[in-house]
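Colleague: I'd like to ask you about the structure that follows.
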Amino acid sequence: MRIVVLMKAVPDLVEEIELTPEGNDIDREFLKFVLNEWDDQALEEALLVKEASGGEVVAVGLAGDADIDQSLYTAVAKGADSAVKVIGEATQTHERAALLAAYLRENPADLVLTGVQAPDDLDGQLAPMLAAHLGLPHVSVVVAVAVGEGAVVVRQEFAGGRSQEVSVKTPAVIGVQAARQTPRYAPISRIRQVMQSGALPEVAVAAEASGSGLRVRRMYEPEKTSHAHMLTGSADEVAEKIIELIRARGLVKG
Amino acid sequence: MSNDVLVLAERVGKQITDSTYELLGKARELADAWGGRAEVALFGPSEGAEQLGGADAVICIDHPALSDYVPEAYETALLHVLTQRAPRLLLLSNATVGLDLGAALSVRWDAPLAAYAVDLAVDGDALVATTQILGGKILAEVELGGSRAIATVVGGSLPPMTPAGSAEVVTLAPPAELDSSRMSVLQVFEPSGGDVDITAADMLVSIGRGIGSQDNLELAEELAQALGAPVSASRPIIDAGWMPKTRQVGKSGLKVKPKAYLAFGISGAPEHLEGMRSAELIIACNTDAKAPIFDVAHYGTTVDLFDLMPALAEKVKG
Amino acid sequence: MSLAAVLAESVTRPVFQDIGWLGKTTFYVVSTLAILVFAWGWWRRAAKYRRGRPAGRAGVLRAGLFGRPFAGVRRREDRSSVAAVAANSSIIRRDRGTGIAHLLIFWGFLTAFMATVILTVDYDIVRHLSRLITGHEASFFHGPFFLVYTFVVDTMGVALLAGLVYMGVRRGLRRPGQLDYTRAEQPEGGYSRGRLVAGDWVFLGLLLGILVTAYLLTGLRVLSQDLPWFTVFSPFGRLVADGLAGLGMTPAAAASVHTVVWWVHAALALGFVAYIPFSKAMHILIDGVNLLAHDRSATRRLPAPAPQKAGYSEIGDFTWKELLDLDACTKCGRCHDVCPARTAGAPLSPRDLILDLRQWVDTSAGGITLLDRETRTDATGPLSPNGHSGIAGRVVSARTLWSCTTCMHCVEVCPVGIEHVPTIVQLRRRLVDEGTMDPTLQTALQNLATQGNSFGKSARMRARWTRELETPIKDARKEPVKYLWFVGDYASFDDRLKVNSQTLARILAQAGVDFGILYEDEWNAGNDVRRVGEEGLYEMLAEHNIEVMRNAQFEEIFTTDPHSLNTLRNEYPERGAAYKVWHYTELLAHLIESGAIPVRPLGYKVTYHDPCYLARYNGVVEAPRRILAALGCELVEMGRNRADTFCCGAGGGRIWMDDSFLTERPSENRIREAVQLDVDNFIVSCPKDVTMYGDAVKTTGHEDRLRVRDITLLVSEAMVGPVDPPGALVRATA
């Protein structure tokens, strides 16, 4: 079974996000990019699937993504069998989906896993879009994947704590919300070893042009409508104040 | 092309969800602005159509493949409705169903999609969506060009509509593709009974990543016991398997509205805030004074939770 | 007594009195067997050590043997000399009574051993050789030589006896806590250390038995010979003889009892010889070597991982010195006693760690230990089956390994030169490779890898604390400075510490010090990352910092953080970055004493906490005390000070891990110690200490009695002189 994990580099949210002078995009020039956390979950789930049922895990990113190499090398250090960069650049999910669909048409996979969403996929999520291009079944918000005969059984989550188990014929595209366990740690020495073993192969694809049809008018930071009234002092003093607050609402006796 | 707005109805059991009414309210508003109709697509047995009074029409498709929520079947059916009714705008919830269908239909129905929308408005000829990206740090105002569009709307951002009267019911014949499915639902898991219902509690002691390790749950349990309140948690705690899903507060968990919500070690990801922001009193404890939780909390403190929780428990016990 | 009489050959003692040829033959056969068993036992042990990697300690050993002859005799040094071993310095240093008792046993035993060797040389070699060569038997075992021999052996025997009795009373009656073998980590299936206790008593008992029978023998012989005059040279043997005679024993009776006791003595002595390599007694031969091969600096400057390996997983990964360390342990419990993890209720005791590893290595490598071992009903911990991996995590649990704060107190106090900390780090490296770690630690490491700091904050925020300063700090990347200030993560990012960093910057600016910082290009120095066992990340951080430092122009470095100081001073040079590295207290002391910082006396009554990485690791103990003296503060020392300081619990990456499972955090233990002193200020000189003890005074409820303050704030308060810029000095009293 060939499992492809699609990885995307996204702005590190610990950074202060700055906007371009035009105010209709984020300024990417000085931003630090890290792997989309949901893609990290997808990778972990793929590795768990491989450990349980065998198969080959290939991590795939876009060559145009800033700092994507680091994430791809890390994927290999964690246990992916290989990593590939697809030549191309995409700021919108529509472009990304078209490029990766072209790659997957030429290099078919039995199972495609990727993060259910990314912090910046304003024009939609990758998994369903990619599946639509490829004509494959897809399921999103998945928290567990198990491999069966010609199909995978995935657990899909809904609001309110409901979930369902869905059997999906392969090949299929899965949008992973969370892996069954916390993504593993890749020791830096192993990542460095992987890096030293050679550059990442790059694959050129012939993708159709595609756009999202969206036009960003402006971006802005949400106004903070309010801020909590901060309680200060020692733990004891703060505890005292909190108890007064809840007592005033009749929630604690005495 | 029409000026209609289509909403996909979601049901839990036989009950139409709150998010459907939120979408319907916006659909009504936009349809009125455009001079079109607000329509709702309802799949599976048509139970629930009577709850959709605020719409102009309920478009029903029934087929065995639609009795459960099967993503593929729903996509097929919805695409069929879109082709048949040709609305100007499709509104979906930005939750599981919307995440499944929105982006796929954006490609298959060839319409731009605005994800994570918190509001939509008509500006002259244009439809403008306000969307929330980068973990809530940035809002983007986007124009959806062309003659058709899709938006997935974040739950809780729009006021729900109160249904009134009754809508015309239009039943469409199921498309033939529904007969050949590559997907089937094996089992549905309802939130396990037996456990406490955190949505019914007056007060919640809620914990997040800041609790550090599973052993420390004891601290929360102890405080909760002293207060007579259940313990709830944010997503990371549930994902780590430290607490059951039934205790999860947030978009992918439960929405709660207690009289008091005590948040310990919760930074306040949008996912979480969506589930608790309407609590009457929110008190947050987080050592990071810049944590977003403090933007929704009424009271906050940066005291270490490992000091505060025992201090609170002790004082409550007297 | 005439000289002639003394010189007479008759002034001697028979070697085999009344034993006969059959007895003699039996004795020689049994002796040979005992020696063979002894040799076999050591051959087995040596084979085990040879499975270890090279330790690179040949130079250390050579220096110990032939280098500075008195190294380590008077004070603790990185290395020991033969003289230090002979003087038992490392044992006496921290426990005078026990140390002196050990010294008596050490020399008493050595004398007895030498006496036996001399006797053997005379009786079995000189006698036979002379007969072969000259035709008649010669012997030097008579006359004056014999008298001196007798006197020395007899009196040293008493020294031995005194030592043994002291140890017996200590172990049996006084029972100090450090000899309690209760494990720090309680295995689920239970365990028994009864055999360890038995091993101790057998060891002590055998020595005592040999000694008592020896005196009895002397007494019986003297009595059977009718108390010849020269036996006064065995004063204590003579005393026994007189006693026996006083009890009414006749010379004839003494002669017959003598034979029986002779055999008992012989059996005990030969049994002991055979027993040595299989028991606690092996330390007699091992520990001197282990001390001579010991190098304390290996903890300060950690060894690299074994080539092609990420940490230890099998016996062959250990160096021979590390394997020798395991056998060297005598369970004295000093490390167990001082360990902050153990004190805090964590599952780590350095003693247990060494004992568990020893037993596991012995069992897996076919070593034989008769008594000194733990028993369990299941094959867990030290009884785990031999395998390719799993030392870290199975033989020693991951929780135990993660409990170490790398405070180095165990290494510091170990009287036999065991280096626990490097071994723990080697095992942690394995855990890191497997990804077995606290989620909070994993997050910290990931933050360090992406942003160069453990706070998960943007690297660009590192110098944000400088924004409020009136005079901007020079950018050492852009202009030359005398001092590069390596600020460290905590002093840069922690909101509570911002004030301290700003204050130090202002003091230095006023004192006219030419300094600069690296702004966002400073990354975590990596000291604790390395001690966590994430070697790759450490290399990455160090390489980055070294690259940045190479492109900056400065003469010397000072740092706020003792942890950074340790790696900058001791580990960066190996990577080609050898700079003079100061701690800010050294700089401040110099500035105050040279008058660059004029101060007025404050008159506070304070105590001072030595940071482990400053005091124990790097010996910086006087500078902060000089500052306090210059500020006119009365310093009341805590019992555990300087190199014996007690860890705050934050080191070795512990600050990134969960500590709520501890029964008493080390920092709380320390605050309780300080509160006893009735001082009003608890002075620290490490940013992490400000946070650790700031929390601990709160959690122990001593917030109103004790103020935790960085020494910088005291200096600032005491500063007089040039006009303070408005709001420049943070009034610590506010």
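The values are calculated or read from the model by the stated rules, or taken from the named source; none is laboratory data. Because the structure is a prediction, the values reported are computed rather than measured. Ideal geometry is used to build each Cβ from the backbone, glycine not excepted, and the neighbour counts take in all protein chains shown.
Colleague: Can you confirm whether residue B:108 is more than 7 Å from chain A (Cβ to nearest Cβ) and among the basic types (Lys, Arg)?
Modeller: no
Colleague: One residue is enough: does region C:597-611 have a residue meeting the conditions of a type in the set (A, V, I, L, M, F, W, C), surrounded by fewer than 23 Cβ atoms within 10 Å (Cβ to Cβ) and over 32 Å from the mean Cα position of the chain (by Cα)?
Modeller: For region C:597-611, residues of a type in the set (A, V, I, L, M, F, W, C), surrounded by fewer than 23 Cβ atoms within 10 Å (Cβ to Cβ) and over 32 Å from the mean Cα position of the chain (by Cα): present.
Colleague: Here's something else I'd like to know. Can you find a residue that is in a helix (DSSP H, G or I) and closer than 16 Å to residue C:417 by Cα anywhere in region C:358-372?
Modeller: So far as region C:358-372 goes, yes, one or more of its residues are in a helix (DSSP H, G or I) and closer than 16 Å to residue C:417 by Cα.
Colleague: Limited to region C:637-682, what total is found for residues that are over 30 Å from residue C:455 (Cβ atoms) and small (Gly, Ala, Ser)?
Modeller: Counting residues in region C:637-682 that are over 30 Å from residue C:455 (Cβ atoms) and small (Gly, Ala, Ser) gives 2.
Colleague: Give C:310, C:254 a once-over and let me know the one that is outside any helix (DSSP H, G or I) and either within 45 Å of the chain's Cα centre (by Cα) or more than 30 Å from residue C:431 (Cα to Cα) (or both).
Modeller: Working: C:254 fails: outside any helix (DSSP H, G or I).
Every option except C:310 fails the conditions.
Colleague: Related question: In region B:212-318, which strands (runs of 3 or more DSSP E) lie fully inside it and hold 1 or more residues that are facing another protein chain (nearest Cβ under 9 Å)?
Modeller: Here the list reads B:260-264, B:282-285, B:299-301.
Colleague: Would you say residue C:630 is touching a helix residue (DSSP H, G or I) at 6+ places or on another chain (Cβ under 9 Å), farther than 30 Å from residue C:571 by Cα and either surrounded by fewer than 24 Cβ atoms within 10 Å (Cβ to Cβ) or not acidic (Asp, Glu) (or both)? Reasoning before the result, please.
Modeller: On the way: touching a helix residue (DSSP H, G or I) at 6+ places or on another chain (Cβ under 9 Å): yes; farther than 30 Å from residue C:571 by Cα: yes; either surrounded by fewer than 24 Cβ atoms within 10 Å (Cβ to Cβ) or not acidic (Asp, Glu) (or both): yes.
Yes.
Colleague: Among the residues of region B:54-70, are any without any contact (Cβ under 8 Å) to a residue 40 or more places away in the chain, surrounded by 24 or more Cβ atoms within 10 Å (Cβ to Cβ) and in contact with a strand residue (DSSP E or B) (Cβ under 9 Å, 6 or more places away or on another chain)?
Modeller: Looking through region B:54-70, none of the residues is without any contact (Cβ under 8 Å) to a residue 40 or more places away in the chain, surrounded by 24 or more Cβ atoms within 10 Å (Cβ to Cβ) and in contact with a strand residue (DSSP E or B) (Cβ under 9 Å, 6 or more places away or on another chain).
Colleague: Within region B:1-32, how many residues are of a type in the set (A, V, I, L, M, F, W, C), modelled with pLDDT under 95 and either surrounded by fewer than 16 Cβ atoms within 10 Å (Cβ to Cβ) or in contact with an Asp or Glu (Cβ under 6 Å, 6 or more places away or on another chain) (or both)?
Modeller: Restricting attention to region B:1-32, the residues satisfying the condition of being of a type in the set (A, V, I, L, M, F, W, C) are B:1, B:5-9, B:12, B:16, B:23-24, B:27, B:30-31.
When the remaining residues are screened for being modelled with pLDDT under 95, the result is B:1, B:12, B:16.
Subset that is either surrounded by fewer than 16 Cβ atoms within 10 Å (Cβ to Cβ) or in contact with an Asp or Glu (Cβ under 6 Å, 6 or more places away or on another chain) (or both): B:1, B:12.
Residues meeting the conditions: 2.
Colleague: Just a yes or no: is a residue in region A:144-151 crowded, with 16+ Cβ neighbours inside 10 Å, within 14 Å of chain C (Cβ to nearest Cβ) and in contact (Cβ under 8 Å) with a residue 40 or more places away in the chain?
Modeller: From region A:144-151, those crowded, with 16+ Cβ neighbours inside 10 Å are A:144-147, A:151; that's our starting set.
Pick out the ones that are also within 14 Å of chain C (Cβ to nearest Cβ) and you get none.
No, because not a single residue in region A:144-151 is crowded, with 16+ Cβ neighbours inside 10 Å, within 14 Å of chain C (Cβ to nearest Cβ) and in contact (Cβ under 8 Å) with a residue 40 or more places away in the chain.
Colleague: Could I ask something else about it? From the list C:157, C:189, C:172, which residue is assigned to a helix (DSSP H, G or I) and within 25 Å of residue C:349 (Cα to Cα)? Even if it seems obvious, please write down each step before you answer.
Modeller: On the way: C:157 fails: within 25 Å of residue C:349 (Cα to Cα); C:189 fails: assigned to a helix (DSSP H, G or I).
Exactly one residue qualifies, and that residue is C:172.
Colleague: Further question on the same structure: On the given criteria, is residue A:61 buried (at least 24 other Cβ atoms within 10 Å of the Cβ) and either more than 10 Å from every other protein chain (Cβ to nearest Cβ) or at pLDDT below 95 (or both)?
Modeller: Answer is yes for this residue.
Colleague: For residue A:155, indicate whether it is more than 7 Å from every other protein chain (Cβ to nearest Cβ) and farther than 16 Å from residue A:177 by Cβ.
Modeller: No; evaluated as a whole, the condition is false for this residue.
Matching residues to (1) more than 22 Å from the chain's Cα centre (by Cα); (2) among the hydroxyl-bearing types (Ser, Thr, Tyr); (3) closer than 22 Å to residue C:185 by Cα:
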| site | (1), (2), (3) |
| --- | --- |
| C:350 | no, no, yes |
| C:355 | no, no, yes |
| C:370 | yes, no, no |
| C:401 | no, no, yes |
| C:417 | no, no, no |
| C:423 | no, yes, yes |
| C:451 | yes, no, no |
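Colleague: Of these, A:179, A:186, A:235, which one is farther than 29 Å from residue B:182 by Cβ, touching a residue at least 60 places away in the same chain (Cβ under 8 Å), surrounded by 20 or more Cβ atoms within 10 Å (Cβ to Cβ) and within 14 Å of chain C (Cβ to nearest Cβ)?
Modeller: That would be A:186, the only listed residue that is farther than 29 Å from residue B:182 by Cβ, touching a residue at least 60 places away in the same chain (Cβ under 8 Å), surrounded by 20 or more Cβ atoms within 10 Å (Cβ to Cβ) and within 14 Å of chain C (Cβ to nearest Cβ).
Colleague: Restricting to region C:381-438, what's the tally of residues that are within 14 Å of another protein chain (Cβ to nearest Cβ) and over 30 Å from residue C:64 (Cβ atoms)?
Modeller: 14
Colleague: Looking for something within 14 Å of chain A (Cβ to nearest Cβ) and crowded, with 24+ Cβ neighbours inside 10 Å - is there at least one such residue anywhere in region C:466-481?
Modeller: Looking through region C:466-481, none of the residues is within 14 Å of chain A (Cβ to nearest Cβ) and crowded, with 24+ Cβ neighbours inside 10 Å.
Colleague: Please indicate, with yes or no, whether at least one residue in region C:204-213 is in contact (Cβ under 8 Å) with a residue 24 or more places away in the chain, over 19 Å from residue C:262 (Cα atoms) and crowded, with 16+ Cβ neighbours inside 10 Å.
Modeller: Among the residues of region C:204-213, at least one is in contact (Cβ under 8 Å) with a residue 24 or more places away in the chain, over 19 Å from residue C:262 (Cα atoms) and crowded, with 16+ Cβ neighbours inside 10 Å, which makes the answer yes.
Colleague: Applying the selection to region C:649-672, what residues are more than 23 Å from the chain's Cα centre (by Cα) and assigned to a helix (DSSP H, G or I)?
Modeller: Answer for region C:649-672, where residues must be more than 23 Å from the chain's Cα centre (by Cα) and assigned to a helix (DSSP H, G or I): C:655, C:656, C:668, C:671, C:672.
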